Amino acid sequence: MMRLTNLYIVIFFLITPFVYSQQSPRYDFLFPIDITPSVSGSFAELRTNHFHSGIDLSTNGKVGLPVKSMEKGTVSRIKVSPVGYGNAIYIKHPNGYTTVYGHLRNYASKIDSIITAEQYKIESFSIDFFPKETIEIEKGEIIGFSGNSGSSGGPHLHYEIRDTETEQPINPFFFQDKIKDDVRPKIMNIRIYTLENNSTINGSHSARNYPVVFYDGAYHLKGNPKIYASGKIGIGIEMLDYMSGSWKKCGVYQLNMKVDDQVFYSWKLDRFSFDESRYINSHIDYAYKAKKGKRFERCFRQPGNMLSVYGTRQNDGIISMDTSKTVHIQAFDAANNVADLQFKLLKGKESTNTSAAHSKLTYTTEHILKHEGIQCTIPKGALYEDIEMELIKKASPEGSILYKIGDKHTPLHKYMNISIQIPNSLKEFGNKVCLATVNGSGKKYYAGGKTDNNTIALATKSFGDYTLVIDTIAPTIRALQNIRGRVFKTHSKFLFKIKDNFSGIGSYKCFLNNKWTLCEYDAKSDQLTCPLSKAPIEKGSKYNFKLIITDNCGNDTMLESHFTVSK
């Protein structure tokens, strides 16, 4: 009996670390839509400048599916925008969580009437509304219908679960049991970095990629190459995940890197804070992504990266090649499917490189740089590591002045402020003068800027090449149906295509008989919709219609017409 009891104790201690290292599933919430789930975007998936804060559920190319509240609660926030989440609703629940539903086509009627009233109150389509009156929602109540609003790339439902107190998004995978996943993460490549002047990879001071293949139940470096490394090095990994029944690329949930059988570097994506999401640009190799289009996730931390998801990180993941090493990488998805990769790093010959160190901007201090009419202020905490930076004024091939402000492949975590003196020849154009970024082919993209008599100032999170541009061309309006003199029913909609050639749409205003009227704007399709069902109209009445579109440099276009509402 004693031996059996001891056996139970041994089994308990063997099992316990594994059990308690995993998230405990919690099925407290109702699933938000009544279809077999197909995930098109996972929690904390890598996106441009941010981690994805929820789960995207494909709606099979359809819009209008009923979206249900996952638990009883009250509406805490309603946000309407032509970009971002589009039509979104936030519901606060008594259990300490808030759920968020984005990219809706439209809201349920009791919510929609409240939104419309607020839009007319502040005379704006875009609203960020925190209701003062209690709007109670029951578990399973339809709150809206799935759509493709905002910056959505196709019909789907974006939903989140947040900690109400901290507002941190939490991995929704652990709050449901409908999403199935039996597919292990996929590892495509590793990248080995040299992290000091005398570091080498097979005799070279440059970083090097090694493709990965799968066989015998694990991943291996293709061709089993011999890798000789010296000095301090870091590992990067290109990987992704798939869910069962979906070909959509998703993100990896957890990574452990062991060096000689000891956990050396790890991270796990259970939750994160929105104010730290931009640290993704340090979590990945930002420059390689900008140049080559592939995302390598670092298994070593840059000193200015304060992302909270990291666990064990001996020497911040930096490997000192004093002896040969065995590296073992395990990538997990949230369902605990694992991808294993193991390889050896052989101790290489020490480099005698003694190249002189250049002066650098330190990531721990503020820097104010000036050069020939340019001033650039980089705040403390804007850089992830010390960098070398150029501030240059030169002529472009087409004859305009080009301002080179740092390297566009270097990420910024905070806004830097740049100020440039406006040449006398451009001062007469006033606020029509703006700053633009210039790519390698010479194409210009609007960046913005605020002018006074002598300078233009811009807060930006992008290094790169800038130039001054004059925008005097007004936006265009194209009506998608004839309005003038026609009779319309009260449920009719007026549709317009609005476009601008450079600085982009800044504002849009619609008036019926000189009274502000709601228009709904979808930025990705350049479409503006005026729904008469939400307009201040009466049956049998005649109306003068006026639409004014203004770009970001103050150029505007007006369309006028008239119509009658049927009795």
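Any read-out appearing in this document is the output of simple, stated calculations on the displayed coordinates, not a laboratory observation. Predicted, not measured: the structure shown is a model, and the values here were computed from it. Every residue, glycine among them, receives a Cβ derived from its backbone with ideal geometry; neighbour counts consider all protein chains shown.
Brief remarks follow.
- Value in Å of the Kirkwood radius, where the chain supplies the Cα pairs that are averaged: 27.4 Å
- Rg/Rh, computed from the Cα trace of region 39-175 with Rh as the Kirkwood radius, has the value 0.94.
- Extent along principal axes [Cα atoms of region 147-272; Å; largest to smallest]: 54, 37, 32
- Nearest-ten-degree value, helix 2-20 long axis tilted from longest Cα axis of the chain: 40 degrees
- Take the Kirkwood radius over Cα pairs of region 367-470, plug it into Stokes-Einstein at 10 °C and 1.306 mPa s, and you get 114 µm²/s for translational diffusion.
- In degrees, nearest ten, helix 109-122 long axis to first principal axis of the chain (Cα): 70 degrees
- Distance (nanometres) between label positions extended 7 Å along Cα→Cβ at residue 151 and residue 362: 3.5 nm
- Relative contact order %, region 185-235, counting alpha carbon pairs below 8 Å whose residues are six or more apart: 45 percent
- When each of the peptides 128-140, 104-116 is scored by how many other beta carbons lie within 10 Å of its residues on average, the order from highest to lowest is 104-116, 128-140.
- Net length gained if the chain between residue 294 and residue 393 were fully extended (0.36 nm per residue, minus Cα distance): 32.5 nm
- Using the alpha carbons alone, the radius of gyration of region 186-347 stands to its Kirkwood radius in an Rg to Rh ratio of 0.94.
- Inverse of mean 1/r across different Cα pairs in region 476-565, Kirkwood, Å: 13.3 Å
- Normalised contact order of region 186-347, rounded percent, pairs of Cα under 8 Å and 6 or more residues apart: 26 percent
- Mean ellipticity per residue at 222 nm, deg cm²/dmol - from DSSP H runs of n ≥ 4 across the chain, formula -39500 (n - 2.57): -2500 deg cm²/dmol
- Rounded Å value of the spacing that divides the Cα centres of region 57-129 and region 203-253: 41 Å
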